[in-house]
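Visitor: Below you will find the structure I want to go over with you.
The values are calculated or read from the model by the stated rules, or taken from the named source; none is laboratory data. None of these values were measured; they are calculated from a predicted model. Neighbour counts run over all protein chains shown; Cβ positions are idealised from the backbone, glycine included. In case anyone asks, the SASA skips ligands and DNA or RNA and just uses the protein heavy atoms, side chains included. Shrake-Rupley method; radii C 1.70, N 1.55, O 1.52, S 1.80 Å.
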Amino acid sequence: MTTGRPWHPERLFYLISSARHFAKELQDAGYQVEYVKSKDTISGLKNIVKRYGKLPISCAKPSSFKQYSALQDFGVEFVENDFFLTSRELFSSWASSQKSHLMENFYRKQRVRLNILVEGTKPVGGEWNFDKENRLPPPKNYKWPAYLTHDRDEIDLAVAKELNHTPKNYWATTRAGAKKQLDYFLKHHFANFGPYEDAVTTENWALHHSLVSPYINNGLLHPSEVISAALKRFEKGDIPIASAEAFIRQIIGWREYVNGMYWFLGEEYRSNNQLNAKQNLPVFFRDSSKTQMNCMRNVISDIEERAWVHHIPRLMILSNFALISGINPQQYLDWMREVFVDATDWVMVPNVIGMGVHADGGTMMTKPYAAGGAYISRMTNYCKGCFFDPKKRTGEDACPFTTLYWDFLDRNREGFSRNHRIAQQLRGLDRLSDLPELRVRAKEVIKRSGEGTL
Ligand SMILES: Cc1cc2nc3c(=O)[nH]c(=O)nc-3n(C[C@H](O)[C@H](O)[C@H](O)COP(=O)(O)OP(=O)(O)OC[C@H]3O[C@@H](n4cnc5c(N)ncnc54)[C@H](O)[C@@H]3O)c2cc1C
Ligand code: SF4
């Protein structure tokens, strides 16, 4: 997973340096460690077998179908993967009993099962979900707390040299550093996590997000310790329930749900393309300077810098663009896997194929997350400095999101006609008087995004 594809150097640096630090910690604790460099896991295991003979090999159930079958064929013995709070079997028994797989229903069950923010079977604060109090746009004249930086040590520098990369200081590569990040979040950001969770601003790259996903995904932090620490902090009494509930929902709800769905939906799910989306990935996804769209340029250059942007840029900017411009879902998925520091198969496949680009026809989400420039203009400060106008649908300076949003509804009108959750948006489409010009402009926008001139 380090060669053969244009992996983001910060992602490679983070994963390899964390592994090196872990090997060193085990050695320091008295374990015998063989650190093998090989082209893939199976070749590495063959190397070990050659040197040590046929030892029994135990392994936590891996986090992708591909690795699972490769290791199974090799004859390893699996133990439960304890990076999650819900076993694959338990999730599957819940999902099999449901007509639709609403995350919110799963989450409520989790709250009761794990006894988190509940009094008996009732939610603390009287509501299961406080998002109607959240979802605020970016605040004006707000002082964002500084984010933690992580000093690089000798192991980091050695890994960076091998990768020919100058390491940044955004990501910790040790368990101690990951714990520090969690503590820092709880101290400085937790209280305001909820209200600005969906906001995006050029004034601060992380806002009040926790930045713990890379650590929970590679095992430097366990989800149960993140939850215990958050609950302990909440019990002090100065964290609003809307923030505490929102953060806890991400971990015991969304994260567990996405992993459960990955295994429940099966290996073929990743190949879905039910909207028949065929465009190639636009040039600016690999080079942020190749677009005048202020939102895209900022989000992609943030990714170029640190291999991370928060949930809303991933969903409402990157995936929204891929959805409404009809980018091939598998090309887009490959790109997302390569450029994010926290990407792994179990988490990217459902988030991209199901939630991001609706390529599964609605198995996961009842409605596509499609939006025009008005949403981006409300929830970010990108539009102010942009060449395009979020209110315009046609013309040279029409916002590509606004044009493509209506064109997407128009192109998929028939397919969506039976979905009552999109009915209102389709009625809006019926009221447009400039649909013929809009269709022409949409073709132009898609052509230009392919050429890198949008
Ligand atoms: C298209 C798309 C792709 C995504 N790809 C990834 C990915 O490759 N890896 C990844 O860990 N998350 C992914 N997410 C989920 C989410 O965007 C990130 O977990 C989050 O931005 C990480 O930053 P944070 O730790 O500051 O999160 P916070 O906003 O502070 O949330 C706390 C934690 O909740 C969990 N979480 C929240 N939402 C999700 C979700 N939808 N799926 C899984 N876990 C969730 C994460 O562990 C996260 O660390 C994706 C979301 C979308 C829409
Ligand atoms: S006007 Fe359109 S392209 Fe420009 S920043 Fe706003 S949403 Fe993005």
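Visitor: Among A230, T291, A146, flag the residue with its Cα farthest along the positive direction of the charge dipole of the chain, charges on Cβ as +1 for Lys/Arg and -1 for Asp/Glu.
Guide: It is T291.
Visitor: Please provide three numbers in whole Å: the alpha-carbon extents of the stretch 128-187 along the principal axes, with the largest listed first.
Guide: For the stretch 128-187, the Cα spread along each principal axis is 48, 27, 18 Å.
Visitor: Find how many whole Å separate the alpha carbon centroid of the stretch 311-378 from the alpha carbon centroid of the stretch 104-172.
Guide: Taking the Cα centre of the stretch 311-378 as reference, the centre of the stretch 104-172 is 20 Å away.
Visitor: Distance between Cα centroids, the stretch 222-256 to the stretch 53-71: provide it in whole Å.
Guide: Distance between centres, Cα-based: 32 Å.
Visitor: What do the square roots of 5 times the Cα gyration tensor eigenvalues come to for the chain, in whole Å, largest first, as semi-axes of the equivalent ellipsoid? Kindly include the intermediate steps, with their values, before the conclusion.
Guide: Numbers: eigenvalues 264, 139, 117 Å².
Square roots of five times the eigenvalues give 36, 26, 24 Å.
Visitor: I need the P(r) histogram for the stretch 3-74: all alpha carbon pairs, bin width 10 Å from 0 out to the longest distance, whole percents.
Guide: Answer for the stretch 3-74: a P(r) of 15, 41, 39, 5 percent.
Visitor: Find which of L435, I252, M348 sits farthest along the positive direction of the dipole of the chain, computed with +1 on the beta-carbon of Lys and Arg, -1 on that of Asp and Glu, about the Cα centre.
Guide: Highest projection toward the positive end goes to L435.
Visitor: For helix 41-52, report the angle its Cα long axis makes with the longest principal axis of the Cα atoms of the chain; keep it between 0 and 90° and round to the nearest 10°.
Guide: It works out to around 10 degrees.
Visitor: Continuing with the same structure: How much length is gained if the chain between A60 and E162 is pulled fully straight, taking 0.36 nm per residue apart and subtracting their Cα-Cα distance, in nm to one decimal?
Guide: Working: separation 102, 0.36 × 102 = 36.72 nm, distance 2.85 nm.
33.9 nm is the gain from fully extending A60 to E162.
Visitor: Quick check: net charge around G53, other residues with Cβ under 15 Å of its Cβ, Lys/Arg +1 and Asp/Glu -1?
Guide: Values: positive: K46, K50, R51, K54; negative: E34.
Computed value for this residue: +3.
Visitor: To continue, here is another question. Convert 10 °C to kelvin, take the viscosity as 1.306 mPa s, use the Kirkwood radius over C-alpha pairs of the stretch 338-413 as Rh, and evaluate the Stokes-Einstein diffusion coefficient in µm²/s, rounded to a whole number.
Guide: Approximately 112 µm²/s, per Stokes-Einstein.
Visitor: How high is the relative contact order of the chain, in percent, with contacts defined as C-alpha pairs under 8 Å that are six or more residues apart?
Guide: 17 percent
Visitor: At 1.4 Å probe size, what's the solvent-accessible area of T380? Round to the nearest 10 Å².
Guide: Only protein atoms counted, so the area is about 10 Å².
Visitor: Can I ask one more? Can you grab the distance from the C-alpha centre of the stretch 186-205 to the C-alpha centre of the stretch 18-47, Å, no decimals?
Guide: Each part's Cα centre sits 37 Å from the other's.
Visitor: Per the Kirkwood formula on distinct C-alpha pairs, the Rh of the stretch 143-257 is how many angstrom? Please list the in-between numbers first.
Guide: Working: mean 1/r = 0.0656 Å⁻¹.
Evaluated over the stretch 143-257, this radius sits at 15.2 Å.
Visitor: Still on this structure, I have one more. Less than 15 Å Cβ to Cβ from L426, Lys/Arg counted +1 and Asp/Glu -1: what total charge do the surrounding residues give?
Guide: That sum, taken over residues with Cβ under 15 Å, equals +3.
Visitor: On a 0 to 90 degree scale, rounded to 10, what angle separates helix 256-265 from the longest Cα axis of the chain?
Guide: It is inclined by approximately 90 degrees.
Visitor: Same structure again: If T394, T149 are ordered by their accessible area, calculated over protein heavy atoms with a 1.4 Å probe, which sequence runs from highest to lowest?
Guide: T149, T394
Visitor: Looking at A359, A206, Y31, which one has the Cα that reaches farthest to the positive end of the dipole of the chain (charges on Cβ: Lys, Arg +1; Asp, Glu -1)?
Guide: Comparing the listed Cα positions along the dipole, A359 ranks first.
Visitor: If you don't mind, another one. Of all beta bridges DSSP finds with both residues in the chain, what is the antiparallel percent, to the nearest 5? Mind showing how you got there, number by number?
Guide: Numbers: 3 of 9 bridges.
The antiparallel fraction comes to roughly 35 percent.
Visitor: Ok, one more. Just to confirm the filter: which trypsin sites (Lys or Arg not before Pro) across the stretch 24-67 are DSSP coil and have at most 14 other Cβ within 10 angstrom of their Cβ?
Guide: Passing both the DSSP loop test and the Cβ count: K37, K39, K54.
Visitor: Same structure again: To two decimal places, what compactness ratio does the stretch 197-306 give when its Cα radius of gyration is scaled by 2.2 N^0.38 Å?
Guide: 1.39
Visitor: What is the angle, in °, between the Cα long axis of helix 294-306 and the longest principal axis of the Cα atoms in the chain? Nearest 10 is fine, range 0 to 90.
Guide: 10 degrees
Visitor: Follow-up. Count neighbours as other Cβ atoms within 10 Å of each site's Cβ, and list the GluC sites (Glu not before Pro) in the stretch 57-155 that are DSSP loop with at most 16 such neighbours.
Guide: Here the GluC sites (Glu not before Pro) that fit, given the DSSP loop and packing criteria, are E80, E127.
Visitor: Only Cα pairs under 8 Å and at least 6 apart count here; give the relative contact order of the stretch 138-220 as a rounded whole percent.
Guide: 32 percent
Visitor: Placing unit charges on C-beta atoms (Lys and Arg positive, Asp and Glu negative, everything else neutral), compute the dipole magnitude of the chain about its Cα centre in debye, rounded to 20.
Guide: Charge dipole, the chain, about its Cα centre: 500 debye, nearest 20.
Visitor: Here's another thing I want to ask about it. How large is the helix-only mean residue ellipticity at 222 nm for the chain, computed as the sum of -39500 (n - 2.57) over DSSP H runs with n ≥ 4, divided by its residue count, in deg cm²/dmol to the nearest 500? All intermediate terms of the calculation are to be shown ahead of the outcome.
Guide: On the way: 20 runs with 207 residues, N = 454.
Mean residue ellipticity at 222 nm (helix-derived): -13500 deg cm²/dmol.
Visitor: Looking at the calculated P(r) for the stretch 283-451, what percent of the C-alpha pair distances fall above 24 Å?
Guide: 33 percent
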